[in-house]
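Engineer: Sharing a structure below in structure tokens format, with a few things to ask.
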Amino acid sequence: MKKYFLPSIKLTLLLVLLLAVLYPALIAAVAKLAPGGGKGKTVSVNGKVVGYENVGQQFTADKYFQGRPSAVNYNAAGSAGSNKGASNPDYQKTVQERIDTFLAHNPGIPKEDIPAELVTASGSGLDPDLSPAAALVQVKRVAAVRGISEQKLTALVTEHIQGPLMGIAGPSKVNVLKLNIALDTLK
Amino acid sequence: MNSEITGVIVTFILTLLIAFPLGKYIAKVFQGTPTVTDFMSPLERFIYRFCGIDPQKEMNWKQHMMALLSINLVWLVYAFFVLLFQSHLPLNPDGNPDMTPDLAFNTAISFLVNCNLQHYSGESGLTYLTQLIVITFLQFVSAATGVAAVAVLFRAFAEKTTEKLGNFFVFFIKTITRILLPLSIIMAIILVFNGTPASFDGKDSIVTLQGDSVQVSRGPAAGMIAIKHLGTNGGGWFGANSAHPLENPDYLTNMTEIIAQVILPMALIFAFGFFIRRRKLGYVIFGVMTLGMLTFMIPTLFSEMGGNPALAHMGLKDISAMEGKEVRFGVPASAYWQVMTTIISTGSVNSMHDSSMPLSGAMQMLGMMTNCFYGGKGVGLLNYFIFLIIAVFISGLMVGRTPEFMGRKVEAKEMKIAAIIALFHPFLVLVGTALSSYFAAHHPQIGWAVQPAAWFNNPGHHGFSEMLYEFTSASANNGSGFEGLGDNNIFWNISTGVVMILGRFIPIIGPVAIAGIMAKKKYIPESAGTLQTDTATFGIMTYAVIMIIAALAFFPALTLGPIAEYFQLY
Amino acid sequence: MSDHKQHKLFEPALVSVALKQAFLKLSPKSMFRNPVMFTVEIGTAIMLIVTLYIKLTGSTTQGSFGYNLAVFIILFLTLLFANFAEAIAEARGKAQAESLRKTREETPAKKVFLIGEIFTDEVKVVPSSQLRKGDIFLCEAGDMIPMDGEIIHGLATIDESAITGESAPVIRESGGDKSSVTGGTKVLSDKIKVRVTTDPGESFLDKMIALVEGASRQKTPNEIALTILLASFTLVFTIVCVTLKPFGDYANTPITIAAFVSLFVCLIPTTIGGLLSAIGIAGMDRALRANVITKSGKAVETAGDLDTLLLDKTGTITIGNRKATHFWPANAVGKKEFFEVCTLASLADDTPEGKSIVELAAEKGIKASQLNVEDAVFIQFTAETRSSGVNIEGVRIRKGAYDAIRNIVQKAGHTFPAETEEKVKEISSNGGTPLVVSQNETVLGVIELQDIIKPGIQERFERLRRMGVKTVMVTGDNPLTAKYIAEKAGVDDFIAEAKPEDKMLYIRKEQEGGKLVAMMGDGTNDAPALAQADVGVAMNSGTQAAKEAGNMVDLDNDPTKLIEIVEIGKQLLMTRGTLTTFSIANDVAKYFAIVPALFVTAVPALQGLNIMHLASPESAILSAVIFNAIIIPALIPLALKGVAYKPIGASALLRRNLFIYGLGGVVIPFVGIKLIDLFLTLFM
């Protein structure tokens, strides 16, 4: 075994240099050409960064479209899901509370129309998106609070729907941050 | 057809389309015939010269294992100490602390053995330096170690009677220079252009649209995320792993990542067929593995897409199982990922497995319990080889011949090794889970950092599943978890650390030893009475052996976990 | 296989012996040899203690007394059934061997006493048990041969039907390859002097009996490998059951000891574990029923793997011996003269060919007794000269193979007549054997010998070919004749003009290529090749040396026996493989019976897993252990008779057996356990 140790140590040194120094440096250099320069794609309003396109943020006010429940309250310093099992009674209680809260804030929406994603926490706690149905179900509330017609809002949401990849693969989604920025500019 | 289902099918087809030529290429790399990456040879020659390696020196299987264990020992010591003192080292913009010794022990082993169980969260548990020089580094070399080990199997059956099985260091270095590094560079570039960070800047502070002040974790993540998947490692940069929107920003990166983790295990199967000039054997092995994959995939898709019946009881119509899942991936792509990541020992997640439906949880665990459908980098095929030897033995008898594989007799010595390896995995998992169950049941208040009573994020059978999953994942070197489990304490850090290291090296040494012993044996030419191992019938036999040995041993445990939960929920 | 001695599978006499043995074998010392059943014995002992504990203390935590007693009794029966399987196989094997041995016990022997250097005619009648190796005895018409031996003087017709079942008498004579006689056979005519070759208790049959009995039976390599596999299954399920205790504690699910032990016993492969040694013994027993004595269990196993069979042409492929059919004198030679010379050349030739020449000449009017052979010096055939003949008054007559005679003729400077050469080729290409006759190194003509191929032999070779076994014909014929017969009989290869060492070389060559080779032989000069072959079958009529060298002895002296031996070997392995598969496949159903029963009291939702709808947890567990127990005796007939071998190619065979024993192994216990449960509910 001894005769393999010296080459092993030398090889380790060389590979740390190659794989943990040169390789990440190369990727960082290439990333400078990418949108966001490899630091993540930011979104600005009036020249001020208000968030990252891909990182969900919390909206509690009724005047905004609200994202999904988050186990970390959208604190992007960390990330986590709830890790609650489907049969967990505590979890079922939490979901029931979310349903009740939603119904209280969205009068006129029947219980069976609530999309599951609005009462279940996302995997990362930072989910930036909603499905079109989950955005549309909030139109009535936002319209009422903002005094904008529902048609106009529905049109805005529809405009913000990103279809499946190449039109064939994956779900459609709506980026909540971008939708809300557009909402603020809509008078 | 629904675009979410189409997405899954397209993903699988693309995987196959890439894996097949890649397999051909890998066979060429190990045969030493010219390939497009020959521009790497000056670098390789420099490495050989610098390290004092004679690439022409052929090793027997024992020398292979000696070399493998030696270099792994070097890495273990290195990783442990760097993690222990990481706060004193540079490149720590977020000011993260040192690891506790038990956590450093667990983490060093976890990445050394290609498991990537994480009892810490990337954002706060590591520094940028350790993410790179420990985590990323180990993700490359542990994957290459597995491939170098399976290369011995290739050599053992490519020639008639031989003791010379190539050089460990050559296989290892070529795996990095010719396979892992080029593919990682391509993949990392795809990721950065889709929004994954790659710069060395620390956390960013922003004020959100609503006016909250939040910090956003970042870092040179793209390179690590590339090898994390290509090397079937699975340890995430961020705590939420590939569910995190910076680690996996959209459906395209999701496809890239799930394809990247499957192509090499799949390609190695084809490479085996090409290398030993028995393509059909490669195809049959691939077929069996795909059948195994579907056995777990189909129930998972149905159970996940069926939604959570508890939501229906609350009066909802849409009962999608969206807990722990991301909107941009949707349920089918998350279910597909759940199965793939568990059968191939990656263990990265794009949804929280703890929150998946009970039946899906059972399938995820079965994926790790069988641990050979495609399987981990190199080790998947090695695990499969063990079951194949057992299948050869039983079917050989069934056709009235003392069993042989590839012209070599399978005798008591090989059976002994195969039997030990086959029972080793259930042994580690069941004994580990029994130990934790014992503490949870009889000593709930023991004074560990997390008391056993507080281990569980979910009560009852699901809590049992959390323990079972943790040990299964550790022994299968998978690394995913039912992450609700409070595992950063001395019990889990030490117990899973020991299980991981045993679950790695014993199942590598066993099959390589069998291959090495068989390679030395007299070659017996085929006759009409010889059992053909490249037929569908034999494939079915192997499948049955895997299911019966690997899955049945866990049936009672699964009954107390996800199966009981299933019957309670539905 | 000769059917006349087939015993019924369960003869009452044997069953009672086996039943007694089944109890005797319960001793832990003998159980320890079988790890699977040994663990069952431990489980049974635990259940006994639990049952007694309940009876004595009246404790109720472990379920009712009756239930625990029932589990104990069933487990105890499981053990007995497994022991019975082994015991009945042993009993049958022993009975078969004994019936062969009985014939030779305590017969009077006419022992010849040796005084000084010469034999006196003093013959004393002694019991056969007093004969020792090296003793000499006499046998006359009507005598029973008292011991195995070798004829040292004389010739006799012998009735061997006691051993072979063949009623036609055979001829045995001193010298040559048919000099062995077997104890228990009867001399019908003439008188022979025989030297005893074995001490009492050391004959092959004695060795075989010892092999069948547990004491000297060693596990074959394949049996060892299978035992390792089965032990590892047992170990896995031990872990499964032991760890279930803390799991149950965590889930607040108390599990009774009876349930633990039942689960364990049902999961470990008791079916194959219980039948394994019976299968091995039955293999040797089947060989014995085919009148083949095997010297080790391994030889039977190896027979299943054979790649190449070396078969002597004569007696195997062709009926008996070649016969002279024509005399073809050379142009200048008179017929009568030629017939006479042929007869002279063959007078001392005791081979069937030689005799047939004399017979044919007699038909043509040559009386052998009228020929003057007073000063004749007969030249014996040797493998080197490959010719024989006679020297009379300076006239040298030789007959032999074409090239042998051509050598003699050409060495003397004479030419070989073209028309004879033509004839030789013609005979050869028609499958005949030409024997050239020369007088004073001048060719006189050629005798045509013809072979008759056994009917049905082509089909047997075809069957072997489909089994993956290559057949090689060994013959002293010239290549042309050999090729003709080889093609006609359908063998794959032939060795022509074979000298004894050619067999050896061929075997070595095949073995170097990794093949397993079998051959049959009888002569002393076959002994090295018999020893070299992986399976060497010596004919019982052959010399002692041949019998010592081989690892099987065929009592029937039937050269086609090799084919049966291969099938017996394959059957042995197949029976092991299929029952292993069956045993393991059974676990699926047993899981579905027992696992819900274990937990359903604490977790009522798990009733959903009770897909067989078994009545209660107790009935489910009892049904599973009862099924597990009775499947062993149910499969004893299969274990003893062996799984039928069909030469349909390995893959098709695997498909077939996987379907029957794999799928069957999954389905049958579901049905069986359900039926037993229905039956039990009538009483519970």
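Engineer: Looking for whichever is free of Cβ contacts under 8 Å to residues at least 40 places away in the same chain, among the hydrophobic types (A, V, I, L, M, F, W, C) and crowded, with 23+ Cβ neighbours inside 10 Å here; the options are C:622, C:606, C:614. Which one fits?
Structural biologist: C:606
Engineer: I would also like to ask the following. Among the helices (runs of 4 or more DSSP H) confined wholly to the stretch B:149-235, which include 1 or more residues that are at pLDDT 90 or above and within 30 Å of residue B:524 (Cα to Cα)?
Structural biologist: Values: elements: B:168-174, B:181-192, B:222-230.
Result: B:168-174.
Engineer: Which is farther than 28 Å from residue A:4 by Cα, assigned to a helix (DSSP H, G or I) and of a type outside the set (D, E, K, R), of B:105, B:20, B:81?
Structural biologist: The match here is B:20.
Engineer: Follow-up. Can you tell me which residues in the stretch B:444-476 are modelled with pLDDT under 90, in a helix (DSSP H, G or I) and within 12 Å of chain A (Cβ to nearest Cβ)?
Structural biologist: Within the stretch B:444-476, B:460 is the sole residue that qualifies.
Engineer: While we're on this one: I need a count of the residues in the stretch B:243-252 that are in contact with a helix residue (DSSP H, G or I) (Cβ under 6 Å, 6 or more places away or on another chain) and either within 7 Å of chain A (Cβ to nearest Cβ) or not in a loop (DSSP other than H, G, I, E, B) (or both).
Structural biologist: Total meeting the criteria: 0.
Engineer: Please go through the stretch B:397-418 and give me each residue that is among the aliphatic types (A, V, I, L, M), within 7 Å of chain C (Cβ to nearest Cβ) and either under 18 Å from residue B:261 (Cα atoms) or in contact (Cβ under 8 Å) with a residue 12 or more places away in the chain (or both), ordered by number.
Structural biologist: Scanning the stretch B:397-418 gives B:399, B:415.
Engineer: Considering only the stretch B:484-530, how many residues are over 27 Å from the mean Cα position of the chain (by Cα), of a type in the set (Phe, Trp, Tyr) and assigned to a helix (DSSP H, G or I)?
Structural biologist: The total comes to 0.
Engineer: Just to confirm my filter: which helices (runs of 4 or more DSSP H) fall fully inside the stretch C:15-105 and include at least 1 residues that are crowded, with 21+ Cβ neighbours inside 10 Å?
Structural biologist: Where helices (runs of 4 or more DSSP H) fall fully within the stretch C:15-105 and carry at least 1 residues being crowded, with 21+ Cβ neighbours inside 10 Å, they are C:35-57, C:65-102.
Engineer: Scan the stretch C:338-392 residue by residue and report those that are among the basic types (Lys, Arg) and closer than 24 Å to residue C:525 by Cα. Break it down into steps so the answer makes sense when it comes.
Structural biologist: As a first pass, look at the stretch C:338-392 and keep what is among the basic types (Lys, Arg): C:355, C:364, C:367, C:386.
Result: C:355, C:386.
Engineer: Out of all the residues in the stretch C:533-556, which are closer than 15 Å to residue C:176 by Cα and in contact with a helix residue (DSSP H, G or I) (Cβ under 8 Å, 6 or more places away or on another chain)?
Structural biologist: Listed by number, the residues that qualify are C:538, C:539, C:540, C:542, C:543, C:545, C:546, C:547.
Engineer: Say we look at the stretch B:368-399 and pick out the residues that are within 11 Å of the chain's Cα centre (by Cα) and outside any loop (DSSP other than H, G, I, E, B); which of these is surrounded by the fewest Cβ atoms within 10 Å (Cβ to Cβ)?
Structural biologist: B:380
Engineer: List, please: which pairs have Cβ atoms under 8 Å, are six or more places apart or on different chains, and start with a residue in the stretch B:3-17 that is farther than 16 Å from residue B:261 by Cβ and end with one that is polar (S, T, N, Q)?
Structural biologist: What qualifies is B:3/A:172.
Engineer: Residue A:127 fails exactly one of the following numbered conditions: (1) farther than 28 Å from residue B:350 by Cβ; (2) surrounded by 13 or more Cβ atoms within 10 Å (Cβ to Cβ); (3) among the acidic types (Asp, Glu); (4) within 10 Å of chain B (Cβ to nearest Cβ). What is the number of that condition?
Structural biologist: Going through (1) farther than 28 Å from residue B:350 by Cβ; (2) surrounded by 13 or more Cβ atoms within 10 Å (Cβ to Cβ); (3) among the acidic types (Asp, Glu); (4) within 10 Å of chain B (Cβ to nearest Cβ) one by one, residue A:127 breaks only (1).
Engineer: Any residue at all in the stretch B:339-347 that is within 14 Å of another protein chain (Cβ to nearest Cβ), in contact (Cβ under 8 Å) with a residue 12 or more places away in the chain and out of contact with any Pro (no Cβ under 9 Å at 6 or more places or on another chain)?
Structural biologist: yes
Engineer: Answer yes or no as to whether residue C:566 is within 14 Å of another protein chain (Cβ to nearest Cβ), under 30 Å from residue C:648 (Cβ atoms), under 12 Å from the mean Cα position of the chain (by Cα) and modelled with pLDDT of 80 or more. Explain how you work it out, then say what you get.
Structural biologist: On the way: within 14 Å of another protein chain (Cβ to nearest Cβ): yes; under 30 Å from residue C:648 (Cβ atoms): yes; under 12 Å from the mean Cα position of the chain (by Cα): yes; modelled with pLDDT of 80 or more: yes.
The answer is yes for residue C:566.
Engineer: Just checking, how many residues over the stretch B:555-570 are in contact (Cβ under 8 Å) with a residue 60 or more places away in the chain and either within 7 Å of chain C (Cβ to nearest Cβ) or out of contact with any Ser or Thr (no Cβ under 8 Å at 6 or more places or on another chain) (or both)? Working first, answer last.
Structural biologist: At the first step, the residues of the stretch B:555-570 found to be in contact (Cβ under 8 Å) with a residue 60 or more places away in the chain are B:557-558, B:560-566, B:568-570.
Those still in the list that are either within 7 Å of chain C (Cβ to nearest Cβ) or out of contact with any Ser or Thr (no Cβ under 8 Å at 6 or more places or on another chain) (or both) too: B:557-558, B:560, B:563-564, B:566, B:568, B:570.
Adding up the residues that qualify gives 8.
Engineer: Sticking with this structure for a sec: With the condition kept exactly as written, say whether any residue in the stretch B:389-396 is within 21 Å of residue B:155 (Cβ to Cβ) and more than 7 Å from chain C (Cβ to nearest Cβ).
Structural biologist: Looking for residues that are within 21 Å of residue B:155 (Cβ to Cβ) and more than 7 Å from chain C (Cβ to nearest Cβ), one finds at least one in the stretch B:389-396, hence yes.
Engineer: Looking only at residues that are touching an Asp or Glu at 6+ places or on another chain (Cβ under 9 Å) and assigned to a helix (DSSP H, G or I) in the stretch A:153-178, which one is nearest to the other protein chains (Cβ to nearest Cβ)?
Structural biologist: A:177
Engineer: Also: Look at residue A:139 and say whether it is touching a helix residue (DSSP H, G or I) at 6+ places or on another chain (Cβ under 6 Å), surrounded by 24 or more Cβ atoms within 10 Å (Cβ to Cβ), in the same structural domain as residue A:51 (by TED's automatic domain parsing) and not aromatic (Phe, Trp, Tyr).
Structural biologist: Working: touching a helix residue (DSSP H, G or I) at 6+ places or on another chain (Cβ under 6 Å): yes; surrounded by 24 or more Cβ atoms within 10 Å (Cβ to Cβ): no; in the same structural domain as residue A:51 (by TED's automatic domain parsing): yes; not aromatic (Phe, Trp, Tyr): yes.
So residue A:139 fails the test.
Engineer: Then there's this: Could you please let me know if residue C:503 is in contact with a Ser or Thr (Cβ under 9 Å, 6 or more places away or on another chain), charged (D, E, K, R) and over 30 Å from residue B:395 (Cβ atoms)?
Structural biologist: no
Engineer: Okay, moving on. Looking only at the stretch A:40-68, count every residue that is closer than 24 Å to residue B:194 by Cα and in contact (Cβ under 8 Å) with a residue 24 or more places away in the chain and tell me the total.
Structural biologist: Looking only at that region, the number is 12.
Engineer: Let me ask something additional. Just to verify a result, which residue in the stretch C:187-225, among those that are charged (D, E, K, R) and in contact with a strand residue (DSSP E or B) (Cβ under 9 Å, 6 or more places away or on another chain), is modelled with the lowest pLDDT?
Structural biologist: Out of the qualifying residues, it is C:207.
Engineer: Out of curiosity, is residue B:311 modelled with pLDDT under 95, assigned to a helix (DSSP H, G or I) and closer than 26 Å to residue A:172 by Cβ?
Structural biologist: Taking the combined requirement at face value, the residue satisfies it.
Residue by residue, here is whether (1) touching a Leu at 6+ places or on another chain (Cβ under 7 Å); (2) on the phi > 0 side of the Ramachandran plot; (3) basic (Lys, Arg); (4) modelled with pLDDT under 90 holds:
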site	(1), (2), (3), (4)
A:17	no, no, no, no
A:24	yes, no, no, no
A:35	no, no, no, yes
A:52	no, no, no, no
A:71	no, no, no, no
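Engineer: Could you give every pair whose Cβ atoms fall below 6 Å, whose first residue belongs to the stretch B:285-303 and is over 14 Å from residue B:335 (Cβ atoms), and whose second residue is among the polar types (S, T, N, Q), counting only separations of at least 6 or pairs across chains?
Structural biologist: Filtered contacts from the stretch B:285-303: B:288/B:542.
Engineer: Select, from A:67, A:81, the only residue that is more than 7 Å from chain B (Cβ to nearest Cβ) and buried (at least 24 other Cβ atoms within 10 Å of the Cβ).
Structural biologist: After ruling out the rest, the residue left standing is A:67.
Engineer: Can you report the number of residues in the stretch C:569-610 which are facing chain B (nearest Cβ under 7 Å) and in contact with a Cys (Cβ under 7 Å, 6 or more places away or on another chain)?
Structural biologist: Total satisfying the criteria: 0.
The values are calculated or read from the model by the stated rules, or taken from the named source; none is laboratory data. Predicted, not measured: the structure shown is a model, and the values here were computed from it. Quick reminder, even Gly has a Cβ in these numbers, built from the backbone with ideal geometry, and neighbours come from all protein chains shown.
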